[in-house]
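Every number here is computed from the coordinates shown, using simple stated rules; none is lab data. What you see is a predicted model; the values in this text were computed from it and never measured. Glycine also receives a Cβ, built like all others from the backbone with ideal geometry; neighbour counts cover every protein chain displayed.
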Amino acid sequence: MKSAPVVKEPPSLDPGDIYFPVTRRAGQKRGFEPQFMASCPFRENSRIAVTVQDDKPKKFSIVTHGNAAWVDDLENGPALVSAKRASKQMTIVARSARRN
């Protein structure tokens with residue numbers, strides 16, 4: 001599964017390409033591993049707020065390193081993937097290392 005944004009805000013800011021790929025490693029017992037990737041690095045030691053819209057919004061927090069971010073608890077990975085599959089909208093709020 002790969003998802004790309006429909007809207008990037010603010011419109012005056014060009015964060016470059018942004019992706020939300022999900023991988024599953026063959027032969028491992030782990031479930032799905034969602035990752036958030038951007039063209040520019042995130043603010044150091046920051047967290048990204050992820051909200052998946054459904055009848056009842058589901059909120060997740062993921063940790064950053066460089067220009068990527070992952071769930072901090074492997075148990076949350078499958079829950080985030082399941083919520084994304086069941087929903088049509090996901091909002092991600094992140095800060096870049098450029099302070100915007």
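The fraction of Cα-Cα pairs per 10 angstrom bin, counted from 0 for the chain, comes to 15, 50, 30, 5, 0 percent, rounded to whole percents. Converting phi to 3J(HN,Hα) with the Karplus coefficients 6.51, -1.76 and 1.60 and the offset θ = phi - 60°, the stretch 59-65 yields 10, 9, 10, 10, 9, 9, 7 Hz in sequence order, with x at every glycine or proline.
So which lysines can Lys8 reach, going by Cα to Cα under 16 Å and dropping same-chain residues fewer than 8 places off? Partners found: none.
Put simply, the amide H of Ser96, placed in the peptide plane, has neighbours under 5 Å in Arg43, leaving out anything fewer than 5 places away on its chain. The modelled label-to-label distance for the pair Thr51/Thr23, using points 7 Å beyond Cα in the direction of Cβ, is 3.0 nm.
Could you name the aspartates and glutamates whose alpha carbon sits less than 18 Å from that of Lys58, not counting residues in the same chain fewer than 8 places away? Partners found: Glu33, Asp72, Asp73, Glu75.
The angle separating the long axis of helix 76-86 from the principal Cα axis of greatest extent in the chain is about 80 degrees.
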